[in-house]
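*Asks:* Just passing along the structure, written as structure tokens.
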Amino acid sequence: MPELSIIILNWNVRDMLAACLRALPEAAGEWWVRAEVLVVDNASSDGSMEMVRRDFPHAHPLPLARNIGFS
């Protein structure tokens with residue numbers, strides 16, 4: 001059971017998302033082993049979800065069928 005949820009909202013910023021995901025283990029420090037990472041994607045067309053699935057197995061991609069915004 002995670003004690004820390006990190007939720008990232010993404011829309012067509014694949015490179016910034018990758019940089020963010022690479023930085024998380026160090027940023028979370030000792031919490032990293034008790035953290036979950038959720039990436040909510042607002043129907044990106046830049047390959048963001050494929051990159052998350054391929055390169056960041058610790059992250060849980062949550063793709064949306066359309067861009068529903070930030071709130």
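*Asks:* Would you pick out the residues in segment 1-22 that are open to solvent by 60 Å² or more (accessible area, probe 1.4 Å), aliphatic (A, V, I, L, M) and not in a loop (DSSP other than H, G, I, E, B)?
*Replies:* ILE7, LEU9, MET16
*Asks:* For segment 1-51, name all the residues that are among the polar types (S, T, N, Q) and over 10 Å from the mean Cα position of the chain (by Cα).
*Replies:* Looking only at segment 1-51, we keep the residues that are among the polar types (S, T, N, Q), and these are 5, 10, 12, 42, 44-45, 48.
SER5, ASN12, ASN42, SER44, SER45, listed by residue number.
*Asks:* Then there is this: Tell me yes or no: at least one residue of segment 59-70 is open to solvent by 30 Å² or more (accessible area, probe 1.4 Å), touching a strand residue (DSSP E or B) at 6+ places or on another chain (Cβ under 8 Å) and touching a residue at least 40 places away in the same chain (Cβ under 8 Å).
*Replies:* For segment 59-70, residues open to solvent by 30 Å² or more (accessible area, probe 1.4 Å), touching a strand residue (DSSP E or B) at 6+ places or on another chain (Cβ under 8 Å) and touching a residue at least 40 places away in the same chain (Cβ under 8 Å): present.
*Asks:* Related question: Could you please find all residues in segment 23-43 being free of Cβ contacts under 8 Å to residues at least 24 places away in the same chain and either touching a Lys or Arg at 6+ places or on another chain (Cβ under 9 Å) or exposed (fewer than 14 other Cβ atoms within 10 Å of the Cβ) (or both)?
*Replies:* First, pick out the residues of segment 23-43 that are free of Cβ contacts under 8 Å to residues at least 24 places away in the same chain: 23-27, 29-30, 32-33.
Listed by number, the residues that qualify are ALA23, GLU26, ALA27, GLY29, GLU30, VAL33.
*Asks:* Among the residues of segment 31-43, which ones are outside any helix (DSSP H, G or I) and touching a helix residue (DSSP H, G or I) at 6+ places or on another chain (Cβ under 7 Å)? I'd like the intermediate steps shown before the answer.
*Replies:* So the first thing to find is which residues in segment 31-43 are outside any helix (DSSP H, G or I), and the list is 35-43.
Those that are outside any helix (DSSP H, G or I) and touching a helix residue (DSSP H, G or I) at 6+ places or on another chain (Cβ under 7 Å): ALA35, VAL37, VAL39, ASP41.
*Asks:* Looking at ASP46, is it loosely packed, with under 12 Cβ neighbours inside 10 Å and either modelled with pLDDT of 95 or more or charged (D, E, K, R) (or both)? Walk me through how you get there before you give the answer.
*Replies:* Working: loosely packed, with under 12 Cβ neighbours inside 10 Å: no; either modelled with pLDDT of 95 or more or charged (D, E, K, R) (or both): yes.
Answer is no for this residue.
*Asks:* Mind listing just one residue for me: the one in segment 49-58 that is touching a residue at least 24 places away in the same chain (Cβ under 8 Å) and either aliphatic (A, V, I, L, M) or not in a helix (DSSP H, G or I) (or both) and, of those, surrounded by the most Cβ atoms within 10 Å (Cβ to Cβ)? Can you show your working first?
*Replies:* Here is the first cut: in segment 49-58, the ones touching a residue at least 24 places away in the same chain (Cβ under 8 Å) are 51-52, 55-56.
Next cut, either aliphatic (A, V, I, L, M) or not in a helix (DSSP H, G or I) (or both) only: 51-52, 56.
Numbers: MET51: 19, VAL52: 25, PHE56: 18.
Result: VAL52.
The values are calculated or read from the model by the stated rules, or taken from the named source; none is laboratory data. Predicted model, so just to flag it, every value in this text is computed and none were measured. Methodologically, a virtual Cβ is constructed for each residue, glycine included, from the backbone with ideal geometry; neighbour enumeration extends over all protein chains shown. Surface accessibility is based on the protein's heavy atoms, side chains included, excluding ligands, DNA and RNA. Shrake-Rupley method; radii C 1.70, N 1.55, O 1.52, S 1.80 Å.
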